[in-house]
Amino acid sequence: MGFCPDCQYDLRDLPAGVCPECGAAFHPRDLVAVVGAPRPVHVLLWWLHWIMAGWALIVFGVFQSTRAVGGLIIGHWPQYMVDDPGTIPGLEPFLFASLAGCMALPLAWSGCMVLPVVLAVRHREVMGALMLVAAIVLQLAGVLLLWNDPFGTIEWWLD
């Protein structure tokens, strides 16, 4: 990788000098000038991408923790059609987090596609395509867990 730290122009195979796009000075042997230290925005986008890609798994975890906290409050594992989640005192914040997480699923799914596409188009790299495939796999895994509901938590939650 060799991109201008100022404008992200591809500097590979260029002689030492200045970036033809923005005029920033660089030297091919100076990796810090060529590659540039990761900027906070790039680090934020990287983490945001993976959080959004795994959002369905996160929502699944929130559902499971809601049921676990409900079990701690009432003293036994909540049962479907017996222990209504709305009647368990102190469980409201967890129920709200579960609902908000589900409502944010479409936003997370569309948002995690932005960074890989930008990487693939702007830098013509395979990394963008790999990130896109990994994001789709993570999303499908989370959706399958939510759909199959292996522990009966969502069924209990919707009770």
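The values are calculated or read from the model by the stated rules, or taken from the named source; none is laboratory data. Small disclaimer: the values here were computed from a predicted structure and weren't measured. Neighbour counts run over all protein chains shown; Cβ positions are idealised from the backbone, glycine included. Protein only, heavy atoms only, side chains kept; ligands, DNA and RNA dropped before computing areas. Shrake-Rupley method; radii C 1.70, N 1.55, O 1.52, S 1.80 Å.
What number comes out for accessible area per residue over region 40-96 if the probe is 1.4 Å? Units Å², please.
Per-residue value: 59 Å².
Tell me which chymotrypsin sites (Phe, Trp or Tyr not before Pro) from region 38-108 have a DSSP coil assignment and no more than 14 other beta carbons within 10 Å of their own.
Of the chymotrypsin sites (Phe, Trp or Tyr not before Pro), the ones in loops of region 38-108 whose Cβ has at most 14 other Cβ atoms within 10 Å are 80.
Could you report the accessible area of residue 10 in Å², rounded to 10, computed with a 1.4 Å probe on the protein chains as they sit in the structure?
About 40 Å², ignoring ligands and nucleic acids.
Heavy atoms only, 1.4 Å probe, whole protein assembly: order 136, 88, 154 by accessible area, highest first.
If we order 136, 88, 154 from most to least accessible, we get 136, 154, 88.
Quote to one decimal, in nm, the extra length available between residue 68 and residue 10 on full extension: 0.36 nm per residue of separation minus the C-alpha distance between them.
Values: separation 58, 0.36 × 58 = 20.88 nm, distance 5.06 nm.
My answer for the length gained is 15.8 nm.
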